[in-house]
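Please read the structure below before turning to the comments.
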Amino acid sequence: MLPNKPLDKIIFSDIETTSQYPTFKEMPEKFQNLFKQRFKKDFAQMDMDRQECQGDDDQIQVWYDETVEAFYSAKAPTQAEWLKVIAISCSKLALPENPEGDYVVKTVCYSGDDEKELLQKFAAGMNK
C-alpha cells in the first residue's frame, strides 16, 4: 500500500550490483582472507567436504576451486563489503497535462564501471 502522498512525489528506484572483482582468484589475497573470514562457516564446510573427498588430488582441488568461485559469484554481488554498484535507475510519475490524461513515466538511468563516478552522477541528478 502506498503512503498518502501524491503519486508524482514518489521516486521509484532500482540499483544493480556486481562483485568488485570478476573472480575470487583475481581478488587481492588480503581481501580473499577477509572474505573467507566473513563466511568462515561456509568455508569450514567446504574444507571439510574437500577432506572427505577421495580420489585424485588435482581433481579435488579443481572441485574446491570451482566451489569457491561459485560461492563468491553468488555472495559477493549481494554483500556490501564485496559489491560495486554498476547501474541505478530512477522513475517518477509526472502529472498529466490535462485532467483526463494518464500519468507520464519519466526515467533516468545511470550506469558505468567506475562506481565513484556513477554515484557522483546519480547524486548530482538527484540534487537537480
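The values are calculated or read from the model by the stated rules, or taken from the named source; none is laboratory data. Computed from a predicted structure; not experimentally measured. Cβ atoms come from the backbone with ideal geometry, glycine included; neighbour counts cover every protein chain shown. With ligands, DNA and RNA removed, areas are computed over all heavy atoms of the protein, side chains included. Shrake-Rupley method; radii C 1.70, N 1.55, O 1.52, S 1.80 Å.
The table below gives the values:
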quantity	calculated
Pairwise FRET efficiency - LYS30 versus ASP56, Cβ, R0 = 41 Å, nearest 0.05	0.85
Antiparallel DSSP beta bridges within the chain, as percent of all bridges there, nearest 5	100 percent
Carbon + sulfur, % of accessible area of the range 1-127 - ligands and nucleic acids excluded, 1.4 Å	52 percent
Contact order relative to length of the chain, as percent, for alpha carbon pairs under 8 angstrom and 6 or more apart	33 percent
Rounded to the nearest 10 Å², the accessible area of ARG50 at probe 1.4 Å	70 Å²
Magnitude of the charge dipole, the range 1-101, Cβ model with Lys/Arg +1 and Asp/Glu -1, debye to 20	680 debye
For the range 11-27, Karplus couplings with θ = phi - 60° (6.51, -1.76, 1.60), whole Hz, Gly/Pro x	9, 9, 9, 9, 10, 9, 10, 9, 6, 5, 10, x, 9, 4, 5, 7, 6
Computed helical MRE - 222 nm, the chain, DSSP H runs ≥ 4 contributing -39500 (n - 2.57), nearest 500	-14000 deg cm²/dmol
Under 10 Å, Cβ to Cβ, from LYS92 - net charge with Lys/Arg +1 and Asp/Glu -1	+1
Heavy atoms of GLU117: accessible area, 1.4 Å probe, square angstrom to 10	90 Å²
For the chain, with +1 on Lys and Arg beta carbons and -1 on Asp and Glu, the positive-most of ILE86, ALA76, SER13 along the dipole	SER13
Simple label model, 7 Å out from Cα along Cβ direction - ASN127 to ILE11, nm	1.3 nm
Rounded accessible area of LYS36 (nearest 10 Å², 1.4 Å probe)	80 Å²
Per residue, in Å², the accessible surface of the chain once ligands and nucleic acids are set aside, probe 1.4 Å	74 Å²
Where Cα atoms sit under 16 Å apart: lysine pairs in the chain separated by 8 or more or lying on different chains	16
From phi via Karplus (6.51, -1.76, 1.60), per-residue ³J(HN,Hα) for the range 91-97 in Hz, x at Gly/Pro	10, 9, 8, 9, 4, x, 6
